[in-house]
Amino acid sequence: MISIPQRLLPQPLFSLVLLAIWLLAHGELGASTLIKGVILALAIPALTRRFTDTFPRVRRLRPLIFYVFIVMWDILVANIAVARLILGPTRKLTPTFLEVPVQLTNPYAITIFAATISLTPGTVSANLSGDKKTLLVHALSTSDPDTEIQLMKARYEAPLLEAFQ
């Protein structure tokens, strides 16, 4: 087995994802595109290595794979729901701020959780408390805030907890 120095390839999975995104974005598999992609896939993780020392170690990959599909599905469904809300009578909107308790402890995992909430149409992460235990979320419309909070925790935070902690 070939041993690659850690400083050359500090995050192999990140490098692979960067290369895949580069190739998909260019839509071709030419030699110059591939060479540029490999250079970027090696350079970016090497140059940002010192910023990622607290990145959570993935303990289980399966929950992350399911997480990606859940988030993509939720974004699709939320787009339709938000379109209906916006195109319908505005008196039916019940905007609410939700205080979501956070169990995650790693800053990167919390960021992924907050970003996921913001990616889902109809909700946006507004603030993380100073003790990093409560995430303030604005929901465009919700009739049951407690159920909405439990749904966010079950669909987004639970898989992240399982994957990273």
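The values are calculated or read from the model by the stated rules, or taken from the named source; none is laboratory data. Computed from a predicted model, the values in this text were never measured in an experiment. When we count neighbours, we look across all protein chains shown, and the Cβ atoms used for this are built from the backbone with ideal geometry, even at glycine. What goes into the accessible areas is simple: the full protein's heavy atoms, side chains included, and nothing from ligands, DNA or RNA. Shrake-Rupley method; radii C 1.70, N 1.55, O 1.52, S 1.80 Å.
So the values come out like this:
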{"read-out": "In order through region 138-144: 3J(HN,Hα) via Karplus (6.51 cos²θ - 1.76 cosθ + 1.60), integer Hz, x for Gly, Pro", "value": "9, 10, 4, 7, 8, 9, 9"}
{"read-out": "R0 of 41 Å, Cβ-Cβ distance Leu136-Ala46: FRET efficiency to nearest 0.05", "value": "0.70"}
{"read-out": "Extension gain from His26 to Ala154, taking 0.36 nm per residue of separation minus the Cα-Cα distance", "value": "42.5 nm"}
{"read-out": "FRET efficiency estimate (nearest 0.05) - Cβ-Cβ, Leu9 to Ser118, R0 30 angstrom", "value": "0.45"}
{"read-out": "Cα centre as origin, Lys/Arg/Asp/Glu Cβ charges: the chain dipole, Debye", "value": "340"}
{"read-out": "For region 85-98, Karplus couplings with θ = phi - 60° (6.51, -1.76, 1.60), whole Hz, Gly/Pro x", "value": "5, 6, 7, x, x, 5, 5, 7, 6, 10, x, 8, 8, 10"}
{"read-out": "Degrees, to the nearest 10: 12-26 long Cα axis against longest axis of the chain", "value": "80"}
{"read-out": "Taking N as its residue count, the alpha carbon Rg of the chain over 2.2 N^0.38 Å", "value": "1.26"}
{"read-out": "Rounded if a/c under 1.5, otherwise prolate or oblate - region 67-129, Cα gyration tensor axes", "value": "oblate"}
{"read-out": "Surface/4 estimate of mean projected area, convex hull on alpha-carbon atoms of region 28-110, nm²", "value": "10.0"}
{"read-out": "Accessible carbon and sulfur surface of the chain relative to its total accessible area, %, 1.4 Å", "value": "66"}
{"read-out": "Degrees separating the helix 31-47 axis from the principal Cα axis of the chain, which is the longest one", "value": "70"}
{"read-out": "Angle in degrees between helix 107-119 and the longest Cα principal axis of the chain, rounded to the nearest 10", "value": "60"}
